[in-house]
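Notes to accompany the following structure.
Every number in this text was worked out from the coordinates using simple rules, so none of it is lab data. Keep in mind that this is a model prediction, so the values were computed, not measured. Cβ placement follows ideal geometry from the backbone for every residue including glycine, while neighbour counts extend to all protein chains displayed.
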Amino acid sequence: WYAYAAGVGGMGIGTISKILVVAGHLQGYHVRFCDKKGLAIRNGGVYTHVSYSKTEALISPLVPYGKTDLLLGLDILEAVRGLDPKAGFHVASSDQTAVIVNTAKTETVTSLIGKDGFEVEDLEKWLQTYTKSAEYFGVDLFEVSEKWLSNKIYANIMLLGVAFQRGLIPLHLGAMQLALKQMVKASELEANQRAFEIGRWLA
């Protein structure tokens, strides 16, 4: 099982990675992962690859070409980059990849200064065309997080909650909950637990 999560610096992609890695170990999988942080501190693209196997046959921590089972997009533009072979990714395919995506629009530097632009609706069409359209789920998680938890920083955990409830992560609830407890600061645990349950409700 292969997962790919995409976002920009500060959104919590690293936390998604840690939770999936720890939960996979707790459930007994052989887990491989690779995080790309790059310019995260400057809001650059951040990606994580996570794979589960019942054997140790996996060689690379990177998702093979077109083999992602689950694409998690905390930033919809970065999620669409996962479809692009020219960008060196192309992790998704129309016969294998389910997508859970945050549809909030996060402007890029070039769009802010008027040199470029994009519409969320266009990006959603790309995702639905080049992944399993029946397994597509998009919602503005920043809006939901701000409404119910007074801060959009919990959108990443909501994203996991949606994916889990839709049966797209091959883990038991107990493994997810324990990994969340281990990987989140104690002071933030209750809010993140609520975020996970809100994501499940959204699904």
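When the pairs Lys125/Lys152; Lys125/Lys185; Lys67/Lys185; Lys54/Lys152; Lys67/Lys147 are compared against a 31 Å limit on Cα-Cα distance, Lys125/Lys185; Lys67/Lys185; Lys54/Lys152; Lys67/Lys147 fall above it. When shorter helices are ignored and each DSSP H run of at least 4 residues is given -39500 (n - 2.57), the per-residue value for the chain at 222 nm works out to -12000 deg cm²/dmol. Return the inverse of the average 1/r over all pairs of distinct C-alpha atoms in the chain, which is the Kirkwood hydrodynamic radius, in Å to one decimal. Result for the chain stands at 16.8 Å. Could you give the size of the charge dipole of the chain about its Cα centre, using +1 on the Cβ of each K and R and -1 on the Cβ of each D and E, expressed in debye and rounded to the nearest 20? It comes to approximately 540 debye.
Annotation for Glu197 and Lys105: the two label points, set 7 Å from Cα along the Cα-Cβ direction, are 3.4 nm apart. Bridges between two residues of the chain, per DSSP, are antiparallel at a rate of about 55%. Model label sites at Lys181 and Lys54, defined 7 Å from Cα along the beta-carbon direction, differ in position by 2.8 nm. A run of the chain free of exposed loop cleavage sites, with trypsin sites (Lys or Arg not before Pro) counted only in DSSP states other than H, G, I, E and B and at most 12 other beta carbons within 10 Å, reaches its longest extent at 116-184.
Projecting the Cα positions of Ser94, Ala186, Thr55 onto the charge dipole of the chain (unit charges on Cβ atoms of Lys, Arg, Asp and Glu, taken about the Cα centre) puts Thr55 furthest along the positive direction. In percent, rounded to a whole number, the relative contact order of the chain is 21, using alpha-carbon pairs under 8 Å and six or more apart. Placing pseudo-labels 7 Å out from each Cα toward the beta carbon at Lys36 and Glu119 gives an inter-label distance of 2.9 nm. So which DSSP H runs in the chain come out at 18 Å plus along the axis (Cα) with average Kyte-Doolittle of at least 0.5? Long hydrophobic helices here: 13-26.
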